[in-house]
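Structure record follows, encoded as structure tokens.
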């Protein structure tokens, strides 16, 4: 089951406080986004990678792609003001109407073992996301006042990749742009046009690197995987 993948990589990661694109920071002496790209580069089912980037990073990114032998990048497009705009710009460059994944480039611990069932679910149902059950009790509040305790058993923390038919993703983004709607993720846009989106259970290791503390977690995950020979 082949697929293509979009990686929005234009954000500056202000919460990381690094003074540059957080994807260019290193973990284990390798830039974050190269860790991510290697997963798709080494997956024979991935037929093309589409990057949405900041033009200021393009020269460095091209050097890193060559240095780390990343050959599946089919196109690099200019990122937009919001992540949603970046994904739409990249989606318009993806050919055909097969399955396309949208994945946060700042999630370097995605694995082929998770990608395979996700793609299969999207092939069968049209759209699917990775998610993990919430571990913590969740409260709804108004200001500091708790108004409701939500039933945890039906709540999921959604991750990426998220997988869609290319035509459905384009339709969802086109409608969102026309209506000036900004969603929380791509799945929310696809849900808005009446498409069902399925859940495939992900992994708690599939973290998104957002703050400086996340780098410590990332290094711990790398060490754990090395100990397991992964």
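The values are calculated or read from the model by the stated rules, or taken from the named source; none is laboratory data. All figures in this text were calculated on a predicted structure; none of them were measured in a lab. Note that we place each Cβ from the backbone using ideal geometry, even for glycine, and neighbour counts take in every protein chain shown.
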Return a yes/no flag: does the stretch 76-94 have any residue that is part of a loop (DSSP other than H, G, I, E, B), farther than 22 Å from residue 38 by Cβ, without any contact (Cβ under 8 Å) to a residue 40 or more places away in the chain and in contact with a helix residue (DSSP H, G or I) (Cβ under 6 Å, 6 or more places away or on another chain). no
Looking at residue 130 and the list (1) touching a residue at least 24 places away in the same chain (Cβ under 8 Å); (2) in a strand (DSSP E or B); (3) loosely packed, with under 13 Cβ neighbours inside 10 Å, which single condition is not satisfied? (3)
Among the numbered conditions (1) in contact with a strand residue (DSSP E or B) (Cβ under 7 Å, 6 or more places away or on another chain); (2) over 24 Å from residue 49 (Cα atoms); (3) modelled with pLDDT of 95 or more, tell me where residue 187 comes up short. (2)
Any residue in the stretch 211-226 that is over 16 Å from residue 101 (Cα atoms), touching a helix residue (DSSP H, G or I) at 6+ places or on another chain (Cβ under 6 Å) and not in a helix (DSSP H, G or I)? yes
Looking only at the stretch 119-126, decide whether some residue is at pLDDT below 95 and either surrounded by fewer than 20 Cβ atoms within 10 Å (Cβ to Cβ) or assigned to a loop (DSSP other than H, G, I, E, B) (or both). no
When you go through (1) assigned to a helix (DSSP H, G or I); (2) in contact (Cβ under 8 Å) with a residue 40 or more places away in the chain; (3) within 20 Å of residue 81 (Cβ to Cβ) one by one for residue 188, which number turns out not to apply? (2)
